[in-house]
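Below is one structure, written out as structure tokens, with a few remarks after it.
The values are calculated or read from the model by the stated rules, or taken from the named source; none is laboratory data. In this text, all values refer to a predicted model and were calculated from it rather than measured experimentally. We place every Cβ from the backbone using ideal geometry, glycine too, and count neighbours over all the protein chains shown. The accessibility values were calculated without ligands, DNA or RNA, using every heavy atom of the protein model including side chains. Shrake-Rupley method; radii C 1.70, N 1.55, O 1.52, S 1.80 Å.
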Amino acid sequence: MILQDRFLQLCILFTDDQTLIQSLWKEIEKKHSEKGRYYHNLSHLENMFQELETVKPHISDFITVSFSVFYHDIIYDATSRSNEEKSAGTAEKRLKEIGVPHDTILKISKQILATKSHQRSEDEDTHYLLDADLSILGKDFATYLAYTKMIRKEYSIYPDFLYKPGRKKVLQHFLELEDIFKTEYFKGQYEIQSKKNITAEIQLL
């Protein structure tokens with residue numbers, strides 16, 4: 001299912017205002033197509049949905065998780081440390097406009113904020129979101145290497161002497177987690193390869 005159709009089908013559960021739905025989609029499309037987005041773009045969202053479709057029966061509230069996918073990177077600035085907070089704030093405003101219930105909006109906001117540090121949550125749906133977000137880490141090394149180059153381009157404002165220590169710190173953070181992936185499915189699929197990939201990247205930095 002293409003992203004636009006997926007978003008439309010989500011929104012019509014809450015509003016029949018097609019003009020509003022189209023304007024929200026256009027915003028998502030525009031933000032994810034901004035100059036400088038080499039990885040955090042529409043392809044990233046598509047890949048996340050592909051991963052989540054595989055485990056859909058295990059996700060208790062797929063609607064909530066789907067909105068979280070669409071909005072978790074809507075604000076993305078490589079120089080900012082508050083992208084997740086700003087993205088969550090944008091999601092809260094937009095979803096209120098289409099009549100999503102307050103409790104659901106709060107859940108979406110929490111899920112988006114969880115993508116900042118990728119720590120364990122009491123909510124298993126959040127774990128599936130986090131695992132789909134990080135699934136690239138466990139792909140074959142050639143795919144992983146291509147991803148690292150896209151990330152480097154996103155941070156091209158920083159010279160190597162600043163970028164490399166920062167990147168190393170992020171990678172060490174993942175290795176220090178008890179598990180990179182929180183769900184049994186994703187752990188089985190990607191945990192071993194992701195640790196190999198990350199360790200190899202650290203050695204290349």
Quiz prompt | Theoretical FRET efficiency, 1/(1+(r/R0)^6), r = Cβ-Cβ of Lys110 and Ala146, R0 30 Å, to 0.05 | solution = 0.40
Self-check item: Distance-filtered residues of the range 189-205 - backbone nitrogen under 16 Å, label point 7 angstrom along Lys164 Cα→Cβ
Solution: 200-205
Quiz prompt | Extended-chain gain in nm, criterion 0.36 nm per residue less alpha-carbon gap, Phe174 and Gln4 | solution = 58.0 nm
Quiz item: Length gain on complete extension for the stretch Lys93 to Ile157, per 0.36 nm per residue less the alpha carbon to alpha carbon distance?
Solution: 20.0 nm
Quiz item: Across 5 Å bins from 0, what is the distribution of all Cα-Cα pair distances for the range 1-64, in whole percents?
Solution: 3, 16, 22, 23, 19, 12, 4, 0
Quiz item: Excluding ligands, DNA and RNA, what is the solvent-accessible area per residue of the range 1-83 at a probe of 1.4 Å, expressed in Å²?
Solution: 50
Quiz item: Accessible area per residue, 1.4 Å probe, Å², for the range 85-164: what's the number?
Solution: 52
Exercise. Starting from the Cα of Lys86, draw a straight line to each of the lysines and keep only those under 20 Å, dropping any in the same chain fewer than 8 residues away.
Key: Lys26, Lys30, Lys31, Lys35, Lys96, Lys107, Lys110, Lys116
Practice problem: Would you mind calculating the relative contact order of the chain from Cα pairs under 8 angstrom and at least 6 residues apart, reporting the percent as a whole number? | Solution: 21
Self-check item: FRET E, pair Asp17, Leu205, Förster distance 35 Å, beta-carbon r, rounded to 0.05
Solution: 0.10
Quiz prompt | Over the range 48-205: Rg over Rh, Cα atoms, Kirkwood Rh | solution = 0.97
Quiz item: From the residues Gln22, Ile98, Tyr144, which one has its Cα farthest along the dipole of the chain in the positive direction, the dipole being from +1 and -1 charges on Cβ of Lys/Arg and Asp/Glu about the Cα centre?
Solution: Tyr144
Quiz prompt | Sulfur and carbon atoms: percent of accessible area, the chain [1.4 Å] | solution = 53
Quiz item: Under a point-charge model restricted to the Cβ atoms of Lys and Arg (+1) and Asp and Glu (-1), what is the dipole moment magnitude of the chain relative to its Cα centre, in debye to the nearest 20?
Solution: 920
Practice problem: Give the shape of the range 1-132 as rounded, prolate or oblate, defined through the alpha-carbon gyration tensor: a ≥ b ≥ c are the square roots of its eigenvalues, a/c under 1.5 means rounded, and otherwise the shape is prolate if a/b is larger than b/c and oblate if not. | Solution: rounded
Practice problem: Calculate how steeply helix 42-54 sits against the longest principal axis of the alpha-carbon atoms of the chain, using the helix alpha-carbon long axis, and give the answer as 0 to 90 degrees to the nearest 10. | Solution: 80
